[in-house]
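Below is one structure, written out as structure tokens, with a few remarks after it.
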Amino acid sequence: MSEQRRVEVAGTSVSCEHYIGGGRVGSDATFEDRSPIDWSWKLADIARGDRETAAAAVAAAEGAASAWGALTAAERATHLHRLADAIDGRVEQIAAVECADMGMLERSLRARVIARGAANLRNYADLAAEHEEPVWSSKGTANRVIRQPAGPAVIITPWNAPWMLATWKLAPALAAGNPVILKPAEWSPLSASLLADLADEVELPAGVLNVVQGIGEEVGAELVSDPRVRRISFTGSPEAARHIGVAAARNLVPFTAELGGKGPFVVFEDADIDAAAKKAAGQYDDAGQVCLAGTRLLVQASVVDEFLEAFHRYADEQVLGDPREDATTISPLIHPTHLERVEGFVDRARAAGDRVVRGGRRAEVDGAREGLWFEPTLIEPASNDHEVVQHEIFGPVLTLQTFGSEDEAVELANATDYGLSGIVYTGSRERAERVGRGVRAGTVWVNTFLVRDLTAPFGGMGISGIGREGGRYALEFHADLQTLQILEGSVE
Ligand code: NAD
């Protein structure tokens, strides 16, 4: 690998350049990457890709496509397992870099998130290799369905779970035989760069994984507009998805979009109220920067006092602090602009007559010079139509509303344009089935949260997304399915 600019972050060397065609490539322009742990901590000047960068990355992927696509799924699986092993050997380093870059709690990165990236790669390597082509006889012909690699895939990820989402999206694309151009978000670009180093180390063939750094509206827009790209897999905001969807439509390229959420967290009087309140207070985790979070607490009026007493008790236990420390449960927000955005929602809610019953302000944390923490906040909205209920805030801000009947609960749960996730607490199996099916969301959890099986479909309804990822759903997205029909008795 041709060495260019590298910096040391949390004891690990990270490249500031793109990774294209198996080598590091720079850009004249750069953008600054700072740490949310302390905004005065500058991490790196990262290469800011442009039209030429995008074109070079797509050309590299296109150049690698026929050889990578011609390998058997089992041969590709060998490469993916090697990459997974390399990840498992570097969990501590990747976790420390991701924590510095994004501010997610280091202990959960170390314990779960980084290794899950390796699990994603293994899971898809094996799933693709296990695939059997359906075969049947019909109208005198032998029929087979063949998954053919579609070609270069662009993967665009948001800042809030950079490592998890990059590996989650990369694994099915590579396993299906598509070379990838990965563009991470400009607010948390570092872990994608580490992934490129690992791909290089395990000698993934040149051009099979390319990492392009830069701004969404610049190099991101160039990548998704390139007609040589055959699949686009995006996770981020509905606003950016609309632009990318237009580019995909121009080139008639299939596109999946995993977008924002405003999940309902519904608590019925027959539930374990203490367990529900504990999980509800846990929606502040990662400072609420979680697309799947149940941010609208909908509680049956008959148990709201009991629920709130327990909720405040658990919320009081939350510790705002440095995400590198084990005692911390609430990390800082990613960026000053985002902090202002979150604060703006709360200020406008106050002005609109909503009642802020907990938190609602920026918080100071000892030792941080320029901290980006916001207090865990609970708001009782004056109306379901208010912005604080209808828009994704993506910070530690929950709303509380009450309901009387089950029908009213389902109606409130569905009364936004989003449909990514829902959480329901109830002690009744019948109600779990009824309400679970009644909530319009891609994933509904009953009496639990965030437990996921990698083979299950994942995606959003409404403005929360288009298409499904996960398991065979993502493999089929990345394939061009072909029906091959041969007249029976016509060939030896
Ligand atoms: P964003 O849409 O601003 O950016 C996401 C990515 O898209 C970034 O890499 C950005 O550079 C790129 N981008 C922006 N405009 C682009 C354009 N015109 N063309 C090409 N690329 C472009 O989102 P964000 O602020 O980084 O992330 C937060 C959002 O992501 C929230 O809405 C959150 O709910 C959502 N999210 C969804 C899921 C899910 O699985 N559904 C998971 C995590 C985050």
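Can you put LYS183, LYS278, LYS262, LYS139 in order, fewest other beta carbons within 10 Å first?
LYS139, LYS278, LYS262, LYS183
Taking 7 Å along the Cα-to-C-beta vector as the label spot, tell me the ALA74-LEU450 distance in nanometres, rounded to one decimal.
3.9 nm
Using modelled backbone amide H atoms (1.01 Å from N, in-plane), which distant-in-sequence or interchain residues come within less than 5 Å of THR141's amide H?
The list, which skips near neighbours in sequence, is GLU488.
May I ask which residue of PHE374, GLY359, THR426 lies farthest towards the positive end of the charge dipole of the stretch 264-446, with charges of +1 (Lys, Arg) and -1 (Asp, Glu) on Cβ and the Cα centre as origin?
Farthest towards the positive end: PHE374.
Report the normalised scattering of the stretch 428-474 as log10 I(q)/I(0) at q = 0.33 Å⁻¹, calculated by the Debye formula with identical scatterers on the alpha carbons.
Once normalised to I(0) and log-transformed, intensities are -1.15.
Please compute the modelled spin-label separation between ILE146 and GLU433, points set 7 Å along Cα→Cβ, answer in nm with one decimal.
Taking the simple label geometry, GLU433 and ILE146 are separated by 4.4 nm.
Running Debye on the stretch 76-206 with equal point scatterers at the Cα sites and no solvent, what base-10 log of I(q)/I(0) appears at q = 0.13, 0.18 Å⁻¹?
With one equal scatterer per Cα and no solvent, log10 I(q)/I(0) is -0.55, -0.93.
Which number do you get for Rg(Cα) / (2.2 N^0.38 Å) in the stretch 177-301?
The reported ratio for this selection is 1.42.
Could you go through the stretch 267-272 in sequence order and give the Karplus-derived ³J(HN,Hα) for each residue, using 6.51 cos²θ - 1.76 cosθ + 1.60 with θ = phi - 60°, rounded to whole Hz, and x for Gly and Pro?
The phi angles translate into 10, 8, 5, 8, 8, 6 Hz.
Return the long-range amide H neighbours of GLY22 (sequence gap of 5 or more, or a different chain), with a cut-off of under 5 Å between placed amide H atoms.
Excluding prolines and chain starts, which carry no amide H, the hits are GLY207.
Please give me the summed charge of the neighbours of ALA196: other residues whose Cβ is under 10 Å from its Cβ, Lys and Arg +1, Asp and Glu -1.
-3
Kindly state, to the nearest 0.05, the FRET efficiency for ASP480 paired with VAL202, given R0 = 30 Å and r defined as their beta-carbon distance.
Taking R0 as 30 Å, the efficiency between ASP480 and VAL202 is 0.65.
Expressed as a whole number of Å, what is the distance separating the alpha-carbon centroids of the stretch 281-316 and the stretch 118-190?
Cα centres, the stretch 118-190 to the stretch 281-316: 36 Å.
I need PHE265, PHE477 ordered by Cβ neighbour count within 10 Å, fewest first.
Arranged by neighbour count, lowest to highest, PHE265, PHE477 become PHE477, PHE265.
Report for the stretch 264-446 the percent antiparallel among DSSP-assigned beta bridges with both residues inside it, nearest 5.
20 percent
To the nearest 20 Debye, how big is the dipole of the chain about its Cα centre, given +1 on the beta carbon of each Lys and Arg and -1 on that of each Asp and Glu?
That gives the chain a dipole magnitude of about 940 debye.
Is any residue of the stretch 4-40 close enough, with backbone N under 18 Å, to a label point placed 7 angstrom from the Cα of VAL319 along the Cα-Cβ axis, and if so, which?
Answer for the stretch 4-40: 37.
Grab every C-alpha pair in the stretch 407-492, bin the distances at 10 angstrom width from 0 up to the longest one, and report whole percents.
In order of increasing distance, the bins hold 15, 35, 24, 11, 8, 6, 1 percent.
For the stretch 350-423, what is Rg from Cα atoms divided by 2.2 N^0.38 Å, rounded to two decimals?
In units of the globular-protein estimate, the stretch 350-423 measures up at 1.32.
Can you list the DSSP H helices in the chain whose Cα atoms extend at least 27 Å along the helix axis and whose mean Kyte-Doolittle hydropathy is -1.0 or higher?
Span-like helices, by this rule, are 51-70.
Positive end of the dipole of the chain, charges at C-beta (+1 Lys, Arg; -1 Asp, Glu), about the Cα centre: which of PRO336, LEU320, SER383 has its Cα farthest in that direction?
So the residue we want is SER383.
Can you bin every Cα-Cα distance in the stretch 109-157 into 10 Å intervals starting at zero and give me the percent of pairs per bin, rounded to whole numbers?
Histogram of Cα-Cα distances, whole percents per bin: 18, 29, 28, 16, 7, 2.
Kindly provide log₁₀ I(q)/I(0) values, in the same order as q = 0.09, 0.10, 0.12 Å⁻¹, from the Debye equation applied to equal alpha-carbon scatterers of the chain.
Treating every Cα as an identical point scatterer, log10 I(q)/I(0) equals -0.63, -0.77, -1.07.
For each of HIS18, HIS478, count neighbouring Cβ atoms within 10 Å of the residue's Cβ, then give the residues from fewest to most.
Placing the least packed residue first, the sequence is HIS478, HIS18.
Which three extents, in angstrom, do the Cα atoms of the stretch 50-89 have along their principal axes, listed largest first?
34, 27, 7
Can you give me the long-range amide H partners of GLU186? Hydrogens built in the peptide plane at 1.01 Å from N, cutoff under 5 Å, separation of 5 or more residues or another chain.
Placed amide hydrogens put GLY216 under 5 Å from GLU186.
Using +1 at the Cβ of each Lys and Arg and -1 at the Cβ of each Asp and Glu in the stretch 50-188, identify which of GLY63, PRO179, VAL145 lies farthest towards the dipole's positive end.
With unit charges placed on the Cβ atoms, the residue in question is VAL145.
What is the gain in length, in nm to one decimal, between ARG51 and ASP366 on full extension, counting 0.36 nm per residue of separation less the C-alpha to C-alpha distance?
109.0 nm
Taking the Cα centre of the stretch 186-339 as origin, work out the dipole magnitude from +1 charges on Lys and Arg Cβ and -1 charges on Asp and Glu Cβ, in debye rounded to 20.
Dipole of the stretch 186-339, to the nearest 20 debye: 880 debye.
Given +1 on the Cβ of Lys and Arg, -1 on the Cβ of Asp and Glu, and no further charges, what dipole in debye does the stretch 264-446 carry about its Cα centre, rounded to the nearest 20?
Computed about the Cα centre, the dipole is about 320 debye.
Is the shape of the stretch 26-106 rounded, prolate or oblate, going by the alpha carbon gyration tensor and its root eigenvalues a ≥ b ≥ c, with a/c under 1.5 for rounded and a/b larger than b/c for prolate?
oblate
Along its principal axes, what span do the Cα atoms of the stretch 264-446 show, with the longest given first and each in whole Å?
52, 34, 30
Looking at the chain only, what percent of DSSP beta bridges run antiparallel? Nearest 5 please.
So the antiparallel bridges amount to about 50 percent of the total.
Every read-out reported here was derived from the displayed coordinates using simple, explicitly stated rules and does not represent laboratory data. The model shown is predicted, which means the values in this text are computed figures rather than measured ones. Every residue, glycine among them, receives a Cβ derived from its backbone with ideal geometry; neighbour counts consider all protein chains shown.
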